[in-house]
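Participant: Mind having a look at this structure? Questions to follow.
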Amino acid sequence: AQSVSQHNHHVILSEAASLELGCNYSYGGTVNLFWYVQYPGQHLQLLLKYFSGDPLVKGIKGFEAEFIKSKFSFNLRKPSVQWSDTAEYFCAVNAGSGTYKYIFGTGTRLKVLA
Amino acid sequence: DTGVSQNPRHKITKRGQNVTFRCDPISEHNRLYWYRQTLGQGPEFLTYFQNEAQLEKSRLLSDRFSAERPKGSFSTLEIQRTEQGDSAMYLCASSLAGQGSTEAFFGQGTRLTVV
């Protein structure tokens, strides 16, 4: 069965610090990968996605993620966080064929101190 | 607003009562998903539809849960004989099936509290 692991449950950073959130998935076939963000009181929104091609993908608000197939990983990065990045971040996997459900990790709650 | 719309936003019900939630997806989206989210957890898959066909149901979805999408547009999720453990945020999402896969767009959710 597919699963997604997010190892950092809570992260606290100061503004301008660099961010890296880990995401590992278990699925042997072709996958589509996503990072979603949920700001306080808001719905889940897409940050970025990977379907194929360049394994380094850029998303909104200066976020990027790197797909490393050999490590089954899709880590999220941002060189310099802002207070407004305070939110919960979810990694998700979609098998891409056969089943089209999205499997989510448990999320990482990021707090950025001003 | 042309996003995914869910109603009601909040529902408080007594244990044992039935509740029904509605989801209106983005109009051209043919896939519709239901998820459940509890505090400190990521969204858990419940079921999804492609057009009006319910293609997959999670084992989490007990017999008390039923979902429909009668004309391939809006969907309803009904929970019969609610239990306190059903208290959660119920999320609906939609996506467009086509070449490859597209991202799912989520609604604001319906927060259910069973007292």
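Participant: State whether the residues of the range A:41-60 include one that is in a helix (DSSP H, G or I) and crowded, with 20+ Cβ neighbours inside 10 Å. Break it down into steps so the answer makes sense when it comes.
Facilitator: First, the residues of the range A:41-60 that are in a helix (DSSP H, G or I): A:60.
Those still in the list that are crowded, with 20+ Cβ neighbours inside 10 Å too: none.
No, the conditions are met nowhere in the range A:41-60.
Participant: Sticking with this one: Just to verify a result, which residue in the range B:1-43, among those that are acidic (Asp, Glu) and modelled with pLDDT under 95, is nearest to residue A:100 (Cα to Cα)?
Facilitator: B:28
Participant: If you check residue A:65 against the conditions, is it within 14 Å of chain B (Cβ to nearest Cβ) and not β-branched (Val, Ile, Thr)?
Facilitator: Values: within 14 Å of chain B (Cβ to nearest Cβ): yes; not β-branched (Val, Ile, Thr): yes.
Considered against the rule, which asks whether it is within 14 Å of chain B (Cβ to nearest Cβ) and not β-branched (Val, Ile, Thr), residue A:65 comes out as yes.
Participant: Residue check, residue B:91 against (1) modelled with pLDDT of 95 or more; (2) more than 10 Å from every other protein chain (Cβ to nearest Cβ), all met but one. Which one?
Facilitator: (2)
Participant: Here is a further query. Specify which of the listed residues (B:32, B:39) is free of Cβ contacts under 8 Å to residues at least 12 places away in the same chain and aliphatic (A, V, I, L, M).
Facilitator: Only one candidate passes the filter, namely B:39.
Participant: State whether one or more residues within the range B:53-64 are within 12 Å of chain A (Cβ to nearest Cβ), at pLDDT 95 or above and within 29 Å of residue A:47 (Cα to Cα).
Facilitator: The answer is no, given that none of the residues of the range B:53-64 is within 12 Å of chain A (Cβ to nearest Cβ), at pLDDT 95 or above and within 29 Å of residue A:47 (Cα to Cα).
Participant: Output the residue which, of all residues in the range B:67-115 that are farther than 23 Å from residue B:41 by Cβ and either part of a strand (DSSP E or B) or among the hydrophobic types (A, V, I, L, M, F, W, C) (or both), is nearest to the chain's Cα centre (by Cα).
Facilitator: Taking the candidates together, the pick is B:76.
The values are calculated or read from the model by the stated rules, or taken from the named source; none is laboratory data. Just so it is clear, the model here is predicted, and its values are computed rather than measured. Don't worry about glycine lacking a Cβ; one is built from the backbone with ideal geometry, like all the others, and counts go over all protein chains shown.
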